[in-house]
Amino acid sequence: MKRPYEVSFIVRIESSSGDEAINDQITQVQSWIETGEYGQVTKIDRWGRRKLAYEIDRQREGYYVIMEANIDPQGLPEVERNMKLSPAVLRYLIIRADE
């Protein structure tokens, strides 16, 4: 049974690559959620480039994205593992949305 979740993450901004790399990473995260019939992304909210509260891996800015998705709880460990191992994702947070 799928439940509503909010997936927030910060994408690393590379000076040499532009918006294409950011869009590719957002598409990659969306595919991790939708792989294997575990979930479906219902909304993507791009906050854009923002200054970080503190430096992370020598990065002072990041691209903030918030996704709303319906995800089967059995698929969450795989999504979290992929987010943790991705070098392009600085930080992430997955929380269950109120129903």
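The values are calculated or read from the model by the stated rules, or taken from the named source; none is laboratory data. None of these values were measured; they are calculated from a predicted model. For neighbour counting, all protein chains shown are included, and Cβ atoms are generated from backbone atoms with ideal geometry for every residue, glycine included.
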Identify the residue in region 32-47 that is within 15 Å of Ile66 (Cα to Cα) and surrounded by 13 or more Cβ atoms within 10 Å (Cβ to Cβ) and, among all such residues, is farthest from the chain's Cα centre (by Cα).
Gln40
Here's a check for you: in region 54-65, which residue that is modelled with pLDDT under 90 and surrounded by 11 or more Cβ atoms within 10 Å (Cβ to Cβ) is nearest to Leu93 (Cα to Cα)?
Ile56
Going by the structure shown, is Asp45 closer than 20 Å to Leu85 by Cβ and without any contact (Cβ under 8 Å) to a residue 24 or more places away in the chain?
no
Among the residues of region 78-99 satisfying the criterion of being among the acidic types (Asp, Glu) and loosely packed, with under 14 Cβ neighbours inside 10 Å, which is modelled with the highest pLDDT?
Asp98
Select from region 1-23 the residues that are surrounded by 13 or more Cβ atoms within 10 Å (Cβ to Cβ) and part of a helix (DSSP H, G or I) and list them in ascending order.
Ala21, Ile22, Asn23
Which numbered condition Lys51 misses (of (1) closer than 13 Å to Val89 by Cα; (2) in a strand (DSSP E or B)):
(1)
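To keep it simple, each residue is scored yes or no on (1) in contact (Cβ under 8 Å) with a residue 40 or more places away in the chain; (2) closer than 14 Å to Val41 by Cβ; (3) assigned to a helix (DSSP H, G or I).
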site: Gly62; (1), (2), (3): yes, no, no
site: Ile66; (1), (2), (3): yes, yes, no
site: Ala69; (1), (2), (3): yes, yes, no
site: Gln74; (1), (2), (3): no, no, yes
site: Val79; (1), (2), (3): yes, yes, yes
site: Asn82; (1), (2), (3): yes, no, yes
site: Pro87; (1), (2), (3): yes, no, no
site: Arg91; (1), (2), (3): yes, no, no
site: Ile94; (1), (2), (3): yes, yes, no
